[in-house]
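What follows is a set of notes on a single structure, which appears directly below.
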Amino acid sequence: MERISSTTTFGLLLASVLVLSAGAQTPNTSLIAVHGTVHPRVLAATDNGVVSPAMQIQGLQLYLAPTQSQRLALSQLLSDQRTPGNSEYGRWLTPAQFGAVFACHPRTSPG
């Protein structure tokens, strides 16, 4: 059986929290452009313009990386939760609590 890395596990956990905490209630006004993320094979010459909002995209993969401070905070939290005698021992977070601390937060776009 193939072993899953801790980075992959954190990514899956973070994605689950984002899906659970964001849900369908996220308004379109919270969307921002992420500059510098267009694949080199996607050129302006292949751009056919705006698509219908009803279009469904199949096979999209989005990888989000935690910040260094999030990685360190999560590592510390997990250690504390597993250490008998620690005030955080056995105090598990709800998805909402986890999302409030470790979820990706949109940054305001420049301009």
Requested in this report: State the extension gain, in nm to one decimal, for the chain segment bounded by Q68 and D80, taking 0.36 nm per residue of separation less the distance between their alpha-carbons.
Outcome: 2.5 nm
Query raised in the report: Highest mean first, what order results for 74-80, 87-93 on Cβ atoms within 10 Å?
Result: 74-80, 87-93
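Every number in this text was worked out from the coordinates using simple rules, so none of it is lab data. Since this is a predicted model, take the numbers as computed values, not measurements. No Cβ is skipped: glycine too gets one built from the backbone with ideal geometry, and neighbour counts run over all protein chains shown.
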